[in-house]
Amino acid sequence: MSAVLAPTQSQLYAGIRAWVAGLLPTGVQVVRGQQNRAAPPLAAFVTMLITGREPLATAGWRYTATTRDISETACVSLQLAVFGPDAHDHAQTLCAAWRDRQAADFFILQGIPAAPLYVSHARQVPLSDGEHQYQACWMLDLDMQVTFSLSLPQDFATTLSAVTVLADRPHPPEE
């Protein structure tokens, strides 16, 4: 048995992707950033990139019959880049919705131990493509509180055999 981490990076990306895709119009693709050998989508799209992870508190732990479970709360930072003719409007939608209770409820319903914390202001980023044409690109940063759990295998003594051994000297020693 090896260590088990939850939620994983893939689970976080899947949760954010589902939240973003649920807010934006059909046809806006949501993809992970920094993909090698992958052309950008032809239509409007959003890229997601986890940019940081900072612990918020000292980790806690508990024991089960076979594991030691470590729980750590961290602030995970995520950068969204929004591309396409309506990028500004989509970025503003994401900013407003991240501050809404619906975002927190969404992650609870997905079973992801995360809650929105902060969102940066949306900012326009100059971008020109290979044909030297301007492309609309707006960026925003989302911060979320995530409770990570790490389950480590642990051996425990369930029974103990004790054997008495006679000492050569009486107890307490005589003087």
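The values are calculated or read from the model by the stated rules, or taken from the named source; none is laboratory data. On a predicted model such as this, the values are computed, not experimentally measured, just so you know. Note: ideal-geometry Cβ built from the backbone for every residue, glycine included; neighbour counts use all protein chains shown. Note: accessible area is taken over every heavy atom of the protein model, side chains too, but ligands, DNA and RNA are not part of it. Shrake-Rupley method; radii C 1.70, N 1.55, O 1.52, S 1.80 Å.
Numerical summary
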{"quantity": "Meets criteria (under 14 Å from the mean Cα position of the chain (by Cα), farther than 22 Å from A96 by Cβ and not in a helix (DSSP H, G or I)) for T73", "calculated": "yes"}
{"quantity": "Inter-residue pairs, beta-carbon under 8 Å, first over 11 Å from S149 (Cβ atoms) and in contact (Cβ under 8 Å) with a residue 24 or more places away in the chain and in region 1-13, second of a type outside the set (D, E) and open to solvent by 70 Å² or more (accessible area, probe 1.4 Å), 6+ apart", "calculated": "M1/T66; Y13/R32"}
{"quantity": "Residues within region 4-27 that are open to solvent by less than 40 Å² (accessible area, probe 1.4 Å), touching a strand residue (DSSP E or B) at 6+ places or on another chain (Cβ under 8 Å) and either under 18 Å from A87 (Cβ atoms) or of a type outside the set (G, A, S) (or both), tallied", "calculated": "6"}
{"quantity": "Segments classed as strands (runs of 3 or more DSSP E), wholly inside region 16-70, with at least 3 members that are within 21 Å of the chain's Cα centre (by Cα)", "calculated": "29-32, 45-55"}
{"quantity": "Condition check for I70: within 17 Å of D143 (Cβ to Cβ), at pLDDT 95 or above, open to solvent by less than 80 Å² (accessible area, probe 1.4 Å) and touching a strand residue (DSSP E or B) at 6+ places or on another chain (Cβ under 7 Å)", "calculated": "no"}
{"quantity": "Odd one out for L42 among (1) without any contact (Cβ under 8 Å) to a residue 24 or more places away in the chain; (2) open to solvent by less than 70 Å² (accessible area, probe 1.4 Å)", "calculated": "(2)"}
{"quantity": "Single condition P85 does not satisfy, out of (1) outside any strand (DSSP E or B); (2) exposed (fewer than 15 other Cβ atoms within 10 Å of the Cβ); (3) at pLDDT 95 or above", "calculated": "(3)"}
{"quantity": "Restricting region 131-175 to residues that are more than 30 Å from T67 (Cβ to Cβ), hydrophobic (A, V, I, L, M, F, W, C) and assigned to a strand (DSSP E or B), the residue that is modelled with the lowest pLDDT", "calculated": "C137"}
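Yes or no, residue by residue, for (1) in contact with a Cys (Cβ under 6 Å, 6 or more places away or on another chain); (2) over 19 Å from V28 (Cβ atoms):
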site: C95; (1), (2): no, no
site: R101; (1), (2): no, yes
site: G111; (1), (2): no, yes
site: P116; (1), (2): no, yes
site: V119; (1), (2): yes, no
site: F148; (1), (2): no, yes
